[in-house]
């Protein structure tokens with residue numbers, strides 16, 4: 001039975017949150033994100049002296065009557081952010097634990113909803129093989145969002161994914177106009193770090209969400225087992241193997257897994273990207289209301 005988190009109750013719990021962008025934004029006007037440049041909103045920010053060529057309609061005549069100098073009123077500028085969500089649709093995201101795929105879809109939907117709820121744009125890019133499919137286009141407004149959500153619930157997870165190639169070949173990445181989220185387990189042979197480097201070069205804020213099942217975090221296998229790679233095309237694939245699991249092997253796995261996660265985390269620190277890792281058996285609200293708030297993506 002396919003698991004789904006997407007319902008009215010789920011989205012209503014997100015109403016009080018908003019996505020937070022740490023960097024200055026060069027997106028479209030009309031959003032809710034205050035930037036460090038001055039614009040045309042009604043919220044007063046500061047004064048500066050008049051310079052030749054300035055709009056005389058912005059002169060504060062009350063200050064002129066007091067100081068006999070021309071001063072302009074400056075107002076805050078608000079921009080619209082483009083939230084791009086890249087979802088790994090490889091087989092490892094579903095096989096063995098269908099809840100993992102549903103959890104990943106719910107995380108994508110939650111971030112997308114927060115975007116449109118706060119007057120931002122969002123696009124869902126489904127990474128399959130070496131490409132990122134965006135059949136739903138750029139979504140603005142809740143009506144368009146809820147039409148797109150029905151398509152998210154139909155995603156098929158199969159094959160493998162080249163995260164780097166899928167993202168770097170995307171035609172609508174944008175520059176300095178918002179947040180890019182990569183949702184994956186990062187169990188891939190592709191050079192996903194190239195994707196993060198590409199996005200930081202494009203001056204986008206980056207968030208990596210690693211979603212794992214309990215068996216991936218702390219496997220409980222014992223004795224002789226037949227290990228089958230979820231993304232292998234057939235049983236003859238060299239990635240599949242028969243082996244005997246011992247306590248020393250379990251300890252070695254724990255060390256390797258710890259190093260694997262720490263490598264992602266330390267790389268993200270060097271690129272000023274955010275990274276969280278979550279267990280798909282933990283409550284989804286814990287990830288949204290705790291982990292994302294902890295790294296500063298939400299406010």
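Below is a table of values for the structure above.
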{"quantity": "Count of region 110-131 residues which are touching a helix residue (DSSP H, G or I) at 6+ places or on another chain (Cβ under 7 Å) and within 16 Å of residue 158 (Cα to Cα)", "calculated": "3"}
{"quantity": "Test: residue 87 is under 22 Å from residue 288 (Cβ atoms), at pLDDT 90 or above and surrounded by 16 or more Cβ atoms within 10 Å (Cβ to Cβ)", "calculated": "yes"}
{"quantity": "Residues located in region 200-210, provided they are more than 12 Å from the chain's Cα centre (by Cα) and over 11 Å from residue 268 (Cβ atoms)", "calculated": "201, 202, 203"}
{"quantity": "Out of 147, 131, sole residue that is without any contact (Cβ under 8 Å) to a residue 12 or more places away in the chain and over 24 Å from residue 289 (Cα atoms)", "calculated": "147"}
{"quantity": "Strands (runs of 3 or more DSSP E) wholly inside region 112-195 that include at least 3 residues being surrounded by fewer than 23 Cβ atoms within 10 Å (Cβ to Cβ) and outside the structural domain of residue 261 (by TED's automatic domain parsing)", "calculated": "none"}
{"quantity": "Residue 206 vs. criteria touching a strand residue (DSSP E or B) at 6+ places or on another chain (Cβ under 7 Å), assigned to a strand (DSSP E or B) and assigned by TED's automatic domain parsing to the domain that holds residue 110", "calculated": "yes"}
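The values are calculated or read from the model by the stated rules, or taken from the named source; none is laboratory data. In this text the structure is predicted, and so the values were computed from the model without any measurement. Cβ: placed from backbone, ideal geometry, glycine included. Neighbour counts: every protein chain shown.
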